[in-house]
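Peer 1: My questions will all concern the structure given below.
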Amino acid sequence: MKKALCFTIIAVLIGVCLSGCGKKKETMTWAFFNMRGDQQVYLDALNEKLKEKGLPYQFRFVNMEIPFEGDYRAYVGEYIEEVKKGDFDLVSCPGIQNCYDTYKWMADENLLEPLDEFLEQEESGKALKSAYPSVIWDSLDHNGHIYGVLTPNTDLSYYAVFQVDHAEKYGIDLSSVSFSGLEGHLIDAAEGEVGNGSFVVSTPWPYMKLDGGESSPCEMVCIRREQGSWRAESILEDEKCRAHLEQIHEWGQQGLIASGDYSGALSSGNFLVTGCYSYSEEGAVGQIRNVYGIPQDIRLEAREFPEFSRKFEGNGFI
């Protein structure tokens, strides 16, 4: 079993490959955990960037597709067991999975190579260390060592992505559509597609309205800044949050929110609206199209729903 480096940033990766890998080799292997969508476009971009810089490396991705069957410890543990078996140069730690921190878990299993020497002695490592605030490195310190680099989420805005033909069919004005005015349209679509058994009215919605707050690793606890200090509160204590949870529950009871495997319906364009966190309308459309393999001839448009925007999330991939 070989220890792996734990990264997800291309610019950082280049420096590490040159100075942090124990042995040079032309093709390096990067392990991922249930990455959806076509990863080839990202792999091609990475290898092209390495080629442009004249570096004698290329990558191949190994995406471990592991089904979730209701036990998060087993779900995360199966990925870690696969990492033990593989001969990987880099691995991605997919953040905190229902309170199981894969980064610390993998470090405890002796699967990751410490980066301390690289960060302290190599020029690229020093540049990397200076680029992040000290609080980031403090959070990554595990038993006195740094084993990975955090890539914080930048997709902090939520976008509803509509299938335009169905939006037009049910009278949705995409120039002014909002979450608060969406319910009537969802009901119209559900009633209008009664004979269309696979039709998806909407996919699951965010169940939290943070209103400028920050979610914590325990998602039912929200962190808010008040008068220069921070306050943690249960979202169940907030009237608007409770009302939203009740609304989402009612929509589910009415069949307005899909459950189970709805990927086929989205791939074929047989849906009204889905959504995702992204950084722009264009980015949201591209992400949904890639994840579900939606053909270019199916028209999609995204609109931001600011109720669900996140001010900052300290989690992400390592």
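Peer 1: How much accessible area per residue does the stretch 221-318 have, counting only protein heavy atoms and a probe of 1.4 Å, in square angstrom?
Peer 2: Working: 5320 Å² over 98 residues.
About 54 Å² of surface per residue is accessible.
Peer 1: Calculate, for the stretch 26-80, the solvent-accessible area per residue in square angstrom, rolling a 1.4 angstrom probe over the heavy atoms of the protein chains. Could the numbers behind the result be given before it?
Peer 2: Details: 3270 Å² over 55 residues.
Roughly 59 Å² per residue, with all protein chains present.
Peer 1: Using the alpha-carbon centroid of each, what span in Å lies between the stretch 188-253 and the stretch 93-146?
Peer 2: Cα centres, the stretch 188-253 to the stretch 93-146: 32 Å.
Peer 1: At most 14 other Cβ atoms within 10 Å plus a DSSP loop assignment makes a site exposed; report the longest stretch of the chain without any exposed chymotrypsin sites (Phe, Trp or Tyr not before Pro). The partial results should precede the final answer.
Peer 2: Numbers: sites that count: 68, 279, 312.
The longest such stretch corresponds to 69-278.
Peer 1: Tell me the Kirkwood radius of the stretch 179-242: reciprocal of the mean inverse pair distance over distinct alpha-carbon atoms, in Å. Walk me through the intermediate numbers first.
Peer 2: Numbers: mean 1/r = 0.0694 Å⁻¹.
14.4 Å is the Kirkwood radius here.
Peer 1: At 1.002 mPa s and 20 °C, plugging the Kirkwood radius over alpha-carbon pairs of the stretch 45-155 into Stokes-Einstein gives what diffusion coefficient in µm²/s? Show your work: numbers first, answer last.
Peer 2: Details: Rh = 16.1 Å.
After rounding, the answer is 133 µm²/s.
Peer 1: Round to the nearest 10 and give me the degree value, 0 to 90, for the angle of helix 10-19's Cα axis relative to the longest principal axis of the chain.
Peer 2: Once rounded, one gets 20 degrees.
Peer 1: Give me the percent of accessible area attributable to carbon and sulfur for the stretch 64-120, probe 1.4 angstrom.
Peer 2: Working: 1140 of 2860 Å².
Here it works out to 40 percent.
Peer 1: On to the next question. First compute the accessible area of the stretch 225-318 with a 1.4 Å probe, then give the percent of it belonging to carbon and sulfur atoms. Mind showing how you got there, number by number?
Peer 2: Details: 2440 of 5200 Å².
Carbon-and-sulfur percentage of accessible area, whole number: 47.
Peer 1: Roughly how large, in nm² to one decimal, is the mean projection of the convex hull of the alpha-carbon atoms in the chain? Intermediate values should be presented prior to the final figure.
Peer 2: On the way: hull surface 74.6 nm².
Reported value for the Cα convex hull: 18.6 nm².
Peer 1: Expressed as an acute angle from 0 to 90° and rounded to the nearest 10, what is the orientation of the C-alpha long axis of helix 183-192 relative to the principal long axis of the chain?
Peer 2: Rounded to the nearest ten degrees, it is 70.
Peer 1: Using the Cα centre of the chain as origin and beta-carbon charges of +1 (Lys, Arg) and -1 (Asp, Glu), tell me which of 234, 162, 216 is placed farthest towards the positive end of the dipole.
Peer 2: 216
The values are calculated or read from the model by the stated rules, or taken from the named source; none is laboratory data. Just so it is clear, the structure is predicted and the values come from calculations on it, not from any experiment. A quick note on method: Cβ atoms are made from the backbone with ideal geometry, for glycine too, and the neighbour counts reach across all protein chains shown. Heavy atoms of the whole protein, side chains included, go into the accessibility calculation; ligands, DNA and RNA do not. Shrake-Rupley method; radii C 1.70, N 1.55, O 1.52, S 1.80 Å.
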